[in-house]
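Reviewing the structure listed below.
Please treat every number below as a calculation from the coordinates, not as lab data. Please read all numbers here as calculations on a predicted model, not as lab measurements. Positions of Cβ are backbone-derived with ideal geometry, glycine not excepted, and every protein chain shown enters the neighbour counts.
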Amino acid sequence: MTTTTRTTIPPVRSGHAERVIRLRLSTRARKLVLLVHIASAGAWLGLDLVLGILVVTALASTDATGAAAAAASLAPFATWPLAAVGLVTLASGLLLGLATKYGLVRYWWVLVKLVINVVLVVLVVIVLSPGVIALGDAGRAALVEGETPAVTANLLFPPIVSSTAVIVAMTLSVFKPWRRVHRGRREHRSP
């Protein structure tokens with residue numbers, strides 16, 4: 001009689017976060033991606049600050065030409081450049097998340113930064129762009145006619161909110177608060 005021996009392979013435990021897709025980058029490449037991430041976040045903050053200055057100028061200027069010029073310059077400046085630096089920040093952040101020990105959703109601070117970035121890019125494209133483009137058109141028309149364009153104080157909120165959110169994300173990067181994200185309870189191994 002022949003006997004066969006079966007070996008059983010232990011099941012893979014899917015509840016553990018030990019399986020991580022990690023991209024391998026050389027030290028030089030990782031530092032380059034980190035530099036791009038920091039520079040794009042800094043550019044984003046700078047664009048937000050200039051956007052705020054242009055909105056305040058358009059609102060507070062007593063000179064019709066100055067207000068119209070500030071309003072007219074908002075559209076080409078505030079739409080696609082902001083979306084572009086937001087997307088570069090997002091792409092470099094995703095690459096860093098996949099290439100470092102921090103992961104994309106392993107730590108709360110990284111997850112919060114990811115959410116902030118995605119929300120801000122979506123807000124720029126969906127909410128800010130249409131209003132700023134309309135204001136830019138009104139500003140150009142006001143320049144031709146020599147009138148003051150109608151600028152609402154609501155345009156102060158995007159640069160304030162975005163600047164604050166980018167500063168919060170930068171602060172999270174430096175201080176790395178909070179613990180790891182827990183993905184359910186750990187399974188107990190039977191003896």
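Determine, for 92, 162, the number of other Cβ atoms within 10 Å of each Cβ, and report the residues in order from fewest to most. Numbers along the way, then the final one.
Values: 92 20, 162 25.
So the ranking, lowest neighbour count to highest, is 92, 162.
What's the magnitude of the charge dipole for the range 27-175 around its Cα centre, counting Lys and Arg as +1 and Asp and Glu as -1 at the beta-carbon? Answer in Debye, nearest 20. Show your work: numbers first, answer last.
Values: 7 positive and 5 negative charges, 222 e Å.
It works out to roughly 1060 debye.
List the trypsin sites (Lys or Arg not before Pro) within the range 56-121 that DSSP assigns to loop and that have no more than 12 neighbouring Cβ atoms inside 10 Å. Present the calculation step by step, with values, prior to reporting the outcome.
Working: sites: 101, 106, 113; in loops: 101, 106.
Sparse-neighbourhood loop trypsin sites (Lys or Arg not before Pro): 101.
Pull out the extension gain between residue 87 and residue 134, defined as 0.36 nm times the separation in residues minus the alpha carbon to alpha carbon distance; nm, one decimal.
Using 0.36 nm per residue and subtracting the Cα-Cα distance, I get 14.6 nm.
Using θ = phi - 60° and the Karplus form 6.51 cos²θ - 1.76 cosθ + 1.60, what ³J(HN,Hα) does each residue of the range 138-145 get, whole Hz, x for Gly and Pro?
5, x, 5, 5, 5, 4, 5, 8
Put +1 on the Cβ of every Lys and Arg and -1 on every Asp and Glu Cβ in the range 27-175; which of 39, 77, 110 then has its Cα farthest towards the positive end of the dipole?
110
In nanometres, what is the gap between the two model label sites at residue 180 and residue 157, each 7 Å from Cα along Cα-to-Cβ?
4.0 nm
How long are the three semi-axes of the equivalent ellipsoid of the range 27-175, in whole Å, if each is the root of 5 times an eigenvalue of the C-alpha gyration tensor, listed from largest down? Write out the running numbers ahead of the final one.
Numbers: eigenvalues 245, 33, 28 Å².
Value: 35, 13, 12 Å, ordered largest first.
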